[in-house]
Every structure is written in C-alpha cells, then in structure tokens.
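Quick notes on the structure that follows.
Read the figures in this text as sums done on the coordinates, not as results from a lab. No experiment lies behind these values; they were computed from the predicted model shown. For neighbour counting, all protein chains shown are included, and Cβ atoms are generated from backbone atoms with ideal geometry for every residue, glycine included.
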Amino acid sequence: MTAQDVVLRARSVSDLPASKFVSHQDELDSLNESWKDLYNALTEADDDYNVTEVNPITLTSTYAVAGANNEYLYPLPADFLKIRYLDYKIAGQDWLPVKKFSMAQKDNQPGDPYYRLKGSNLWIIGGSVAATGITLRLGYYPVPPTVTCPQNDFVYGTSYAPNLFTTIAAPAYAPYLQTMVYTYGQVITSENITNATVSSPMALFTESGAVTNIVYYKGVLYWIRGGFIWYKTTALTAAFTAPTQATTPANVICFYIASDTIYYTTSTQIRSCDLTGGTDALVNATANVTSVVVIGPTIIYRTTASLVGTLVPSTTMYASGIAKVTSDGGSSPLLYIRDNSGNVRRVTFNATTAAIVTDDVIDTAATDIGQVIYDINQTPATWIVPVLKSGAANQQLLGVDGTVNYSFTTPNNLVPEIMAWQSAVDYRIKQGADIAGHLLKLGHPTNAAEGPATGLWARFEQVIKRDEYRPEKIRNVYPDRSYIR
C-alpha cells in the first residue's frame, strides 16, 4: 500500500473526501507521526524485519581512546536508531554475543569485550580486543524513513472534447496562479486554478506556425517557433501582442533555462546564450540532441538514439529507451524523465559521478512533459511536472506533484490500516468533529494508564509479539533445557 492509498482511506473514513480544510501538510504530518509510532512498536516487538547489519567491524588503533587501555569508540552508522545485537568473533571461532556493561564495570578491564553506547559511538572495552584483533558485527534498527506523498494532480484541459484534445501540445507550468500554458493548435493558451479559469481557457497569442518547448521563467514566456526562440513578458491572464525574437540562436531544436541562461541545441551543437539571445557561446559539439538539462557543472542530454548522457563527467546514464529528460533549473541532482513507454520517472544521481541513485515512476501514459518547476507556493514546496496524456484511452493535461509516492513494504498489513484511522482522527480533531466512533475502531496500544491494547492496536500487538532472548517455541511450549523439543 502506498502513502496516497493511506491518505485516500483516511479521508474516506473521516468523511472528508475532498475537504480543503485538511491541507496536504496535515496529511503528511499525520502520516509521519503515526508511522513513527508504529515503527517504534515494530522495532520493540517485530521479527527483526527492519534490522540492518554492519559486518565486519574491525577495532583498529584508529578507534582507540587516548590515555585508556583496551577502550574503543567506533562511530555508529549515520542512520542508527537503536541496537538489536552485537556479536564478536576471534579468528577461527564462532560468533559470540557482546554483553552490555554497567557503568560500575567500565574501569574493571574485563577480558572479554563489553559494550555501551556513548553519544554517536559504540563504546567497547575488553582486553581481548587488543590481544586478538576481534571482529564485530552490529545489528541495528535504522531511523524510520520519512514518508513522502504527492498531492493530488492539478487537472487542466477539461473543457476540450476528446476529438479536440489531440491538438493540445507543449505543456508548461507556472507557479503564478497555478497556471498551465500550452498550445491549442497554433494558439498559446493558459488556464489557472487560483482564479478558476480551467473551464474557460485564455487565448494568449496566435502564432504563425507550430509552437514547441514552452517555458515560463521569471515572468517571461519562452517558446520555439520556426527554429527560433521567442519571448514575451506576461502575467498569463490576458492576451498579449507580438513577442520578441531572441537575437542570436537559429535552427533551435530544444532549450532549457537555468540560472538566467538559455541552453539550447541545434542539429550539431549544444550552445548557450543570455535570456534575450545575446552572449552566444558553444558549450559542446554534441549532435542530434533533443533534450538538454544543466545542473551545476553537469550537462545532461538526450539524443535521437534515445540515449541519455552527461558531460563532465562524460558518462552514459541510459543507453536507450528515453524519450525526454528535464529538470527544474536548480542545483539538486534531480531529473524527470519520460521513457519510450510513457512512464514519467523521478531520477536522482550522484553529483560527482553521475551514477543513478534512485529511479521511481511517478506517472504513466504520458505523451509529453515540460520543464519541471519547483513551486515554493505549495505547502510543502514541491516539484510540479507538466504532463500531457493525449492517447486514445487517456486524455489529460496535468500538473503532477513530482514527489515519490512512498510504498509501505512492512509485512504487517495492519500498519497502513492503523495509519489511516489515526490520520482520520487527526483530520476530525482539526475540524472539531466527533471522534468517539473513530477512537473505538482505532483503539490504543498497551499503556499503564489506559490498560491493555484495544481496537486495531490490540490486533496489531497480537501479531508482533517477539520471544525476547528465549529459544524458539515448538508446539507452543518453551523447553526447560538447552535443546528445543
């Protein structure tokens, strides 16, 4: 189940399916608060589903405490939350548990290794560490991942009949008034959500030829027509007069705007110029580039062979299968890609090596995407991807939240159910509505003040019990001896 599934269920059971009284930030806050409670319960009682292991750990002199004998401080992993187990091994022998020492024992110089946690370090004492060079293995629970959830799509183009929708092209999003700009035939057109003009699109300008690659940047609309870049200052709410042609670029195939610079391509080169077309310069003699993105010193491009590569470093990110690549013009190593199957993918990469780190599908059936915009007017601020779906079976013009929809992989199916009901309670509390029935369904975990667990929490606790430090049960009987029967 995904985060969006949980939110939809929460809104349904709270009887607030489309209320704007509950904001997207409210949804995220409730999701993460309830998730942390559940995650903590799982780490205390679950079958170690979330355990991460570091093996081997070798306690060299690098970690020795100055001025102390047989004492070491080993840095814990950056994502460390709590320890599950710590074992040690002497060469040629089996693993043995490392026991936790009390503060009264810390100066006793034991022969075997003992541990405690000290700040952000694993604190080890014991004479056998120096004598044998033991190896440790650490099992720990990482901090719970932050649940991410996209907001609902911004929907545009609803006034067009299916037979007319196919004439829509070149989608572009502008944060101002939550506006979508596109071409309807040769007419540059806008709709915005803030002023509720989606049902009555505004014709901004009728061009003399086909328009491609629309981008709205700092109050100026840019596009390509006839191999040239054109631009016009506009608030996107009223028709405008003839635009201005950028001075130098010609035979332009595509362009991308970042840091007040236009990066554009011809059939043989990648070039750059300022926002009016001046100060034109060669960037790289790479031919047949149909998409270009610039993030810091890294230039990413897509060729007619569906390959995505980078300059500085020179690497191939995708050898084939990619239809378009774009980003938000910022400095984060983040791409949005439309592949040849119509999937819209959010890709993060290593800023130094350009190696791909994550690659998540955030939408499907897209026929085009525009340059992504980081919209600081959203709460929380997020990336909006202008997405056009003009296929026969799926015709939509959308502003898609570029956030990854978190998928809960916990094997316990009660986790998303409890999250949904807890979120519903939070929503109704904010509304000032009655929550008695919802609390009865949700229940509470075992608590000294409230007593045994009830509701969904009681079912949850029944299935996550763990046999702490005891042999596995066979036929529901604990053996009294060291062997299991």
For the chain, what does -39500 (n - 2.57) per DSSP helix run (n ≥ 4), summed and divided by total residues, give at 222 nm, in deg cm²/dmol to the nearest 500?
-5000 deg cm²/dmol
Tilt of helix 24-45 relative to the longest C-alpha principal axis of the chain, in degrees (0 to 90, nearest 10)?
20
Taking N as the number of residues in the stretch 27-178, what is its Cα Rg relative to 2.2 N^0.38 Å?
1.75
Let me check against my output: what whole-number percent is the relative contact order of the stretch 372-434, with C-alpha pairs under 8 Å and at least 6 apart?
19
Would you please report the Å³ per residue occupied by the convex hull of the alpha carbon atoms in the stretch 192-257?
101
What list of whole percents do you get for P(r) of the stretch 87-243, with Cα-Cα distances grouped in 10 Å bins up to the one holding the largest distance?
9, 26, 14, 5, 5, 8, 16, 15, 2
Given LYS36/LYS430; LYS20/LYS389; LYS89/LYS118, the pairs whose alpha carbons are separated by over 25 Å
LYS20/LYS389
Report the dimensions of the stretch 154-397 along its three principal axes from the alpha-carbon atoms, largest first, rounded to Å.
47, 39, 34
Please report, in whole Å, how far the alpha carbons of the stretch 368-410 spread along each principal axis, starting with the longest.
35, 32, 14
Could you list MET317, MET180 in order of exposure, starting from the residue whose Cβ has the fewest other Cβ atoms within 10 Å?
MET317, MET180
What percent does the relative contact order of the stretch 279-401 come to when contacts are Cα pairs within less than 8 Å and at least six residues apart?
14
Ordered by packing density, taken as the mean number of other Cβ atoms within 10 Å over each peptide's residues, highest first, how do 251-258, 237-244 rank?
251-258, 237-244
Taking just the alpha carbons, could you work out the radius of gyration and Dmax for the stretch 1-58, both in angstroms?
16.5, 56
Angle check, please: helix 3-13 long axis (alpha carbons) against the longest principal axis of the chain (alpha carbons), in degrees 0 to 90, nearest 10.
90
I'd like to know how the stretch 181-326 sits against the 2.2 N^0.38 Å rule of thumb: what's its Cα Rg over that expected value?
1.10
Below 8 Å between Cα atoms, with a sequence gap of 6+, how large is the relative contact order for the chain in percent?
14
What ranking do PHE101, PHE460 get, fewest neighbouring Cβ atoms within 10 angstrom at the top?
PHE101, PHE460
With a Cα-only, solvent-free Debye model of the chain, what are the log10 I(q)/I(0) values at q = 0.07, 0.13 Å⁻¹?
-0.56, -1.17
How big, in percent, is the set of alpha carbon pairs in the stretch 52-142 lying more than 15 Å apart?
55
So if R0 is 51 Å, what FRET efficiency would LEU164 and LYS106 give, r being the distance between their Cβ atoms, rounded to the nearest 0.05?
0.05
Across the Cα atoms of the stretch 50-94, what radius of gyration and what greatest pairwise Cα-Cα distance (Dmax) are found, in Å?
12.7, 38
THR304-LYS218 FRET efficiency (beta carbon distance; Förster radius 30 Å; 0.05 resolution)
0.45
Can you put ILE435, ILE384 in order, fewest other beta carbons within 10 Å first?
ILE435, ILE384
Taking just the alpha-carbon atoms of the stretch 354-447, what radius of gyration and Dmax come out, in angstrom?
19.2, 56
